[in-house]
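Here the structure is laid out as structure tokens; the discussion comes afterwards.
The values are calculated or read from the model by the stated rules, or taken from the named source; none is laboratory data. This structure is a prediction, so every number in the text was calculated from the model and none was measured. Cβ coordinates were reconstructed from backbone atoms using ideal geometry, including for glycine residues, and neighbour counts include every protein chain displayed. When the accessible area is computed, the model is the full protein with side chains, heavy atoms only, and any ligands, DNA or RNA have been set aside. Shrake-Rupley method; radii C 1.70, N 1.55, O 1.52, S 1.80 Å.
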Protein chains: 2
Amino acid sequence: MAYDYAAMIALADPTRRAIFELVVEQPRSVSELARALPVSQPAVSQHLKVLRCARLVGMERRGASNVYHLDPYGLAQMRAWLDGMWAGAFDSFKAEVEKDGKGGT
Amino acid sequence: MAYDYAAMIALADPTRRAIFELVVEQPRSVSELARALPVSQPAVSQHLKVLRCARLVGMERRGASNVYHLDPYGLAQMRAWLDGMWAGAFDSFKAEVEKDGKGGT
DNA sequence: CATAATCATAAGCCATAGCTTATAATAAGT
DNA sequence: ACTTATTATAAGCTATGGCTTATGATTATG
């Protein structure tokens, strides 16, 4: 179950980050987001699609509005990847130190 | 001291991720990396520049070779951002629950 | 000193990502 | 039923990002 980096790719775009942070603050509809940002509504919808595929946000219909909310899954996945990478990095570092350390003080 | 997302942007590219993971595994020279990857040496150098600006990797001259190694700073920064986002998300979630909860069971 | 090896930068090419306008679909209000 | 509001998708434009080849600088090697 290799990590597909979708969340990271999604958050690499500044507009998408802005959208995401607004949604994290509180659930918001598409028009709300579009009004709060310097881009068109279709642009927002396109970005929301990417965020949704990365499971960073989820949707809920509310009348004619689509209210987007945070989906913790994407961040959790990302955190898991980071932790794994961190552990691996630490192991490498330790191995490196041990190798160099044989001639040490 | 706002997070500038440089690490996230850097890791959004698949080639750069491959380079980064090789470097995490163990320190490697540019030519080593170029030989291990299906891209040219200049491409590798360009990617390493981005990774270095994001403080994901560091460099050390070793004769005519430039040996790149992991720099924990970038990952640490990213983890800090993630933790902050996580906490914020959790607060929002809590606030949301409390607001809805007033009419509960 | 001459040759080979290693690397970073420059210049140019091209696919892609993000934006726009236009439009169709659904829901609410009158 | 008609109009208004909300949203997703389609089509097209353009800037940008990643790749290439070419080249100059630095270092080891003979």
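Ligands, DNA and RNA are left out, and with a 1.4 angstrom probe the accessible area of the range B:1-82 is 52 Å² per residue. Using a probe radius of 1.4 angstrom, the carbon and sulfur fraction of the accessible surface of the range B:4-43 is 53%.
Protein-only accessible surface at a 1.4 angstrom probe places the residues B:Asp91, B:Asp13 in the order B:Asp91, B:Asp13, largest first. When accessible surface is computed with a 1.4 Å probe, chains A and B are found to bury approximately 2400 Å² between them, both chains counted.
Both the radius of gyration and Dmax for chain A are 19.6, 72 Å, in that order, over alpha-carbon atoms. Would any residue of the range A:1-24 have its amide N under 14 Å from a label point 7 Å out along Cα→Cβ of A:Cys53? List them or say none. It comes to A:4-13, nothing else. When chain A is turned onto chain B, its residue with the beta carbon nearest the axis, and that distance in whole angstrom, is A:Ala12, 2. Modelled this way, with points 7 Å down the Cα-to-C-beta line, the labels at A:Gln26 and B:Glu21 are 4.1 nm from one another. Span-like helix check, chain A: qualifying full DSSP H segments, with Cα axial length of 20 Å or more and mean Kyte-Doolittle of -0.5 or more, are A:72-101.
Distance from the Cα centre of the range B:38-77 to that of the range A:1-52, in angstrom? Centre-to-centre (Cα) distance: 30 Å. Note on A:Trp86: accessible area approximately 80 square angstrom, rounded to 10, probe 1.4 Å, nucleic acids and ligands left out.
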